[in-house]
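Engineer: Below is the structure I would like to discuss, written out as structure tokens.
The values are calculated or read from the model by the stated rules, or taken from the named source; none is laboratory data. Keep in mind that what you see is a predicted model, and the values were worked out from it rather than measured. Here the Cβ positions follow ideal geometry from the backbone for every residue, glycine too, while neighbour counts run over all protein chains shown. Keep in mind that these areas ignore ligands, DNA and RNA; they rest on the heavy atoms of the full protein, side chains included. Shrake-Rupley method; radii C 1.70, N 1.55, O 1.52, S 1.80 Å.
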Amino acid sequence: MTTHIEQDDTVSGVTDAPDPAYLDTASAAPLHPVAREALLAALGDGWADPDRLYTRARRARQLADAARGAVAETLGVRDDEVVFTAGGTAAVHAALLGALAGRRRAGDALVHSAVEHSAVLHTAAAHTAAGGAAREVGVDRLGRLDLDAWAGAVGAPGAAVAALISASHEVGTVQPVAAAAELCAAHGVPLVVDAAQSVGRAPVPPGWSVLTASARKWGGPPGVGLLVVRKGTRWLSPYPGEDLHSPGAEGEPGLPTVVAAAASLRAAAAEAAAEAARLSPLVDRIRATVAATVPDVEVVGDPEQRLPHLVTFSCLYVDGEALLHALDRRGFAVSSGSSCTASTLRPSHVLEAMGVLSHGNVRVSLHRGTTEAQVDRFLAELPGVVAALRAEAGVAGL
Amino acid sequence: MTAAVELDCRGQRCPLPVIALARRLPQVAVGEVVRVLADDPAAANDIPAWCRMRGQEYAGSPAPDAYEVRRVR
């Protein structure tokens, strides 16, 4: 007996729009069909404790080992370098805290870019509050790391660990990871790369010591993060631990979701080049059309060194929250870095660090189910939505 | 610096302080300064960004929650 679940990337009943379009993949990608199949199979077959010694447990152990092997093979690392965590944020915390603990005798400064995920910034704040130091390195107007400042920060005495996001989750700019890694290596500083937006979608350059990722960004299930620690990197678990033969991060997710994450990563990575070739021109179309058809708009991020599926722009005089709701009513799910839409009531620190307009901000991120027709409908409707909001606020032509 | 006009936008959320600035700046003479008081943290980012997009001169923040813009065109 098979159960067929309709593949649908919309939430029914939320909108009456024809062909609703989910365009917030950078927050969470719709579940990949391979993840769904693997999850259902593993729920039936992989529920036993893999650390026990009977047949049923050995089956679970096989599934766990195969999942780890699939992830390792996809990332080009060794099986025993891969640890599963409770999510992307848990992976980032474990990566940084463990790397800092391993470098305690070398220094106490955490070097990081100004455009890291908030999980990195909060770790830096906690590290500073505990007596450590943090060195933030800025970016230019396109969101690109200042490599000269980075060289100074990792080269100055006391540099313990460096953290760099592979590509911005907010504006899509790809960071010079290879160059940053070389500078780190020259000073013996381990580099932690948050590759949440790249893994399963675009290659991550080598040279990093620790890498983190999040399954729901590539179409895996929520609640699975990846922590990869290369051999030779001194990483000490920051947690008390238990009697496990392979100590890692706290809160390893359940086996069925790990199996689904691994299967979907392999599938997403296999499709990545073709998907990038399909989506990247759509992002180019959005960048060009929005700039041409919406007055007083700033399309942000690097137009070339960017993720294949993500684009961000800001509309002058428009309230970001109002814009999100207006687009939602027309069947478009997008995200925003504007302060009124953020949990902190501050504008996105990424937009701040770049010095670009932060209000009226929209982030569009595409996925394997996004069609050209959906993008064109978005582009056809956006100018009218923005114009109506400006007219309502009495700022048209200002 | 002496501002010709001071706009008190404290308590207003962005984009309202930027909108107030955009409305008022054309009414001062070229070379004069408008000071915007705004406590939405986004103003620190969005007022300089507006100046860049509009070709006006951002003259800095003389005090917390205060931003000065010179009309240059």
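Engineer: Whole number in Å², please: accessible area per residue of the stretch A:292-341, 1.4 Å probe, ligands, DNA and RNA not counted.
Structural biologist: Counting only protein heavy atoms, the per-residue value for the stretch A:292-341 is 32 Å².
Engineer: Counting DSSP beta bridges with both partners in chain A, what percentage is antiparallel, nearest 5?
Structural biologist: Values: 22 of 41 bridges.
Restricted to chain A, the bridges split so that about 55 percent are antiparallel.
Engineer: Would you mind calculating the relative contact order of the stretch A:95-142 from Cα pairs under 8 angstrom and at least 6 residues apart, reporting the percent as a whole number?
Structural biologist: Across the stretch A:95-142, relative contact order equals 43 percent.
Engineer: Please find the FRET efficiency linking A:Asp146 to A:Asp45, where r is the Cβ-Cβ separation and R0 is fixed at 60 Å, and quote it to the nearest 0.05.
Structural biologist: Efficiency for this residue pair is about 0.75.
Engineer: Hey, what did chain B get for relative contact order, percent, Cα under 8 Å, at least 6 apart?
Structural biologist: Relative contact order comes out at 34 percent.
Engineer: Same structure, new question: Which distance in nm do the two modelled labels at B:Ala63 and A:Glu242 give, with both placed 7 Å along the Cα-to-Cβ direction?
Structural biologist: 5.8 nm
Engineer: Given H placed on each backbone N at 1.01 Å, which residues far from A:Phe332 in sequence or on other chains put an amide H within less than 5 Å of it?
Structural biologist: A:Ala21
Engineer: Largest first and in whole Å, what are the equivalent-ellipsoid semi-axes of the stretch B:10-57 based on the Cα gyration tensor, each being the root of 5 times an eigenvalue?
Structural biologist: Values: eigenvalues 65, 28, 14 Å².
The equivalent ellipsoid of the stretch B:10-57 has semi-axes of 18, 12, 8 Å.
Engineer: Name the helices (complete DSSP H segments) of chain A with a Cα length along the long axis of 15 Å or more and a Kyte-Doolittle mean of at least -1.0, or state none.
Structural biologist: A:33-45, A:55-75, A:88-102, A:118-129, A:255-293, A:372-393
Engineer: Counting protein heavy atoms only and a 1.4 angstrom probe, how many square angstrom of accessible surface do chains B and A bury in total, to the nearest 100?
Structural biologist: 1700 Å²
Engineer: Would you calculate a helix-derived [θ] at 222 nm for chain A, using -39,500 (n - 2.57) for each DSSP H run of n ≥ 4 and dividing by the full residue count, to the nearest 500? The partial results should precede the final answer.
Structural biologist: On the way: 10 runs with 157 residues, N = 398.
The helix contribution divided over chain A gives -13000 deg cm²/dmol.
Engineer: Set the Förster distance to 51 Å, then compute FRET efficiency between B:Arg10 and A:Asp80 from the Cβ-Cβ distance, nearest 0.05.
Structural biologist: On the way: r = 57 Å, r/R0 = 1.12.
Efficiency computed from Cβ-Cβ geometry: 0.35.
Engineer: Related question: Can you list, largest first and rounded to whole Å, the semi-axes you get for the stretch A:255-398 by taking the square root of 5 times each eigenvalue of its Cα gyration tensor?
Structural biologist: Value: 29, 18, 15 Å, ordered largest first.
Engineer: Out of the total accessible area of the stretch A:273-348 (probe 1.4 Å, heavy atoms of protein only), what percent is carbon and sulfur?
Structural biologist: Its accessible area is 53 percent carbon and sulfur atoms.
Engineer: Hey, another quick one. What is the antiparallel percent of DSSP beta bridges lying wholly in chain B, to the nearest 5? Each step should come with its number before you reach the end.
Structural biologist: Numbers: 9 of 13 bridges.
DSSP beta bridges in chain B are roughly 70 percent antiparallel.
Engineer: Okay, moving on. Counting only Cα, what are the radius of gyration and maximum Cα-Cα distance Dmax of chain A, in Å?
Structural biologist: So, for chain A, Rg and Dmax equal 21.7, 74 Å respectively.
Engineer: Using alpha carbons only, how many degrees (0 to 90, rounded to 10) separate the axis of helix B:43-54 from the longest principal axis of chain B?
Structural biologist: In chain B, helix B:43-54 runs at an angle near 30 degrees to the longest axis.
Engineer: Please compute the contact order of chain A in relative form: average sequence separation of alpha-carbon pairs under 8 Å and at least six residues apart, divided by the residue count, as a percent.
Structural biologist: 22 percent
Engineer: Something else now. For the stretch A:38-163, what proportion of DSSP beta bridges, expressed in % and rounded to the nearest 5, is antiparallel?
Structural biologist: 10 percent
Engineer: Continuing with this model, one more query. Based on the alpha-carbon gyration tensor of the stretch A:160-231, what equivalent-ellipsoid semi-axes (square roots of 5 times the eigenvalues) come out, in whole Å, largest first? It would help to have the intermediate numbers written out before the result.
Structural biologist: Numbers: eigenvalues 94, 38, 16 Å².
Taking √(5λ) for each Cα gyration eigenvalue gives 22, 14, 9 Å.
Engineer: For A:Val300, which sequence-distant residues (separation of 5 or more, or a different chain) have an amide H within less than 5 Å of its own amide H, given hydrogens modelled in the peptide plane?
Structural biologist: A:Thr312, A:Phe313, A:Ser314
Engineer: Tell me the per residue accessible area of chain B using a 1.4 Å probe; a whole number in Å² is fine.
Structural biologist: 45 Å²
Engineer: Using θ = phi - 60° and the Karplus form 6.51 cos²θ - 1.76 cosθ + 1.60, what ³J(HN,Hα) does each residue of the stretch B:10-25 get, whole Hz, x for Gly and Pro?
Structural biologist: 5, x, 9, 8, 4, x, 4, x, 5, 5, 4, 5, 5, 6, 8, 4
Engineer: Is the stretch A:85-159 rounded, prolate or oblate when judged by the Cα gyration tensor, a ≥ b ≥ c being the square roots of its eigenvalues, rounded requiring a/c under 1.5 and prolate requiring a/b larger than b/c?
Structural biologist: On the way: a/c = 2.05, a/b = 1.16, b/c = 1.77.
It comes out oblate by the Cα gyration axes.
Engineer: Volume per residue, Å³, of the convex hull around the alpha-carbon atoms of the stretch A:48-93?
Structural biologist: 85 Å³
Engineer: Over the stretch A:34-143, what percent of the accessible surface lies on carbon and sulfur atoms, probe 1.4 Å?
Structural biologist: Numbers: 2810 of 5150 Å².
Carbon-and-sulfur percentage of accessible area, whole number: 55.
Engineer: Collect residues whose amide H, placed 1.01 Å from N in the peptide plane, falls under 5 Å from the amide H of A:Asp24; neighbours closer than 5 in sequence don't count.
Structural biologist: Here A:Ser365 satisfy the definition.
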